[in-house]
Ligand SMILES: *[C@@H]1O[C@H](CO)[C@@H](O)[C@H](O)[C@H]1NC(C)=O
């Protein structure tokens, strides 16, 4: 009976733990995000940050301060900041901290093993972005990150799948490439809407809101072309004019020289 109760308590604890442990955080592409660890004491001996694409955890190196070449650094006791966010930062992270829970009893020459304890947090990092595109322009979104399983959009007014990991592009408006880009060759205002990238569990990794921002104006192109057409004849005319002026100048000088010679001959 007592064992049963213990088991129940353990189950309850596990459920409780997993329910509260995943913290959702959202950041804008190019911005910063802070993964908060909430550990008051300054007794941390190690911090490990892992990114979890599917089942393979990848250890991410965390700098001690912001002054380092990487984008990931420690702030405060054990908060981790990721700066200059990119789409592929989206996904699940685990932060493990190891701390010494017996600081006051520890003496400098004491050989006793210090008890090290561990705390763990998990985060789901979501990245969003807003883009405005002119109709007729090419739109390239680098959203097909390694955790991406599906892309959906509501550009038609209802949510539709436009890309899946298994079958690629599902829309004749789009292409994909080997560099993880989803491409719309020539943007139409009917392509405007929200694009969501989902992982295998159906959780949103990336949200891109795309609005139409006017037309890539054909009139403007004509203007610049007309401008060029106008410039070329003017330059040609100027060159011809210069050649004529120089020729006349040379001819007149030669002619005057000639008549002068004739005049002096005549006088003699
Ligand atoms: C798509 O969904 C967003 C909210 O997620 C909404 O603001 C927007 O108006 C929707 N767009 C269309 C075209 O339905």
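Some points to look at:
- Residue in region 116-125 that is in contact with a strand residue (DSSP E or B) (Cβ under 7 Å, 6 or more places away or on another chain) and within 16 Å of the ligand (Cβ to nearest atom) present: no
- Within region 38-65, the set of residues being under 25 Å from residue 145 (Cβ atoms) and assigned to a loop (DSSP other than H, G, I, E, B) comprises 52, 53, 54, 55, 56, 57, 61, 62.
- Just so you know, in region 175-198 the residues that are in a strand (DSSP E or B) and near the ligand (Cβ under 10 Å from one of its atoms) include one that is surrounded by the most Cβ atoms within 10 Å (Cβ to Cβ), and it is 195.
- Residues within region 131-145 that are in a loop (DSSP other than H, G, I, E, B) and in contact with a helix residue (DSSP H, G or I) (Cβ under 7 Å, 6 or more places away or on another chain), tallied: 3
- Within region 199-209, the set of residues being farther than 13 Å from residue 151 by Cβ, more than 13 Å from the ligand (Cβ to nearest atom) and in contact with a strand residue (DSSP E or B) (Cβ under 8 Å, 6 or more places away or on another chain) comprises just one member, 203.
- The listed residue being within 16 Å of the ligand (Cβ to nearest atom) and without any contact (Cβ under 8 Å) to a residue 12 or more places away in the chain, out of 212, 161: 161
- Test: residue in region 224-236 that is surrounded by fewer than 11 Cβ atoms within 10 Å (Cβ to Cβ), at pLDDT 90 or above and away from the ligand (no atom under 16 Å from the Cβ): no
Yes/no matrix, rows are residues, columns are (1) closer than 30 Å to residue 98 by Cβ; (2) modelled with pLDDT of 95 or more; (3) surrounded by 14 or more Cβ atoms within 10 Å (Cβ to Cβ):
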| residue | (1), (2), (3) |
| --- | --- |
| 113 | yes, no, no |
| 121 | yes, no, yes |
| 149 | no, yes, yes |
| 154 | no, yes, no |
| 164 | no, yes, yes |
| 205 | yes, yes, yes |
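- Residue satisfying condition, being in contact (Cβ under 8 Å) with a residue 60 or more places away in the chain and touching a strand residue (DSSP E or B) at 6+ places or on another chain (Cβ under 6 Å), within set 50, 87, 73: 87
- Residues in region 175-192 that are farther than 21 Å from residue 87 by Cβ and touching a strand residue (DSSP E or B) at 6+ places or on another chain (Cβ under 7 Å): 188, 189.
The values are calculated or read from the model by the stated rules, or taken from the named source; none is laboratory data. Nothing here was measured: the structure is a model prediction, and the numbers come from that model. All Cβ positions, even for glycine, are placed from backbone atoms using ideal geometry, and neighbour counts span all protein chains on display.
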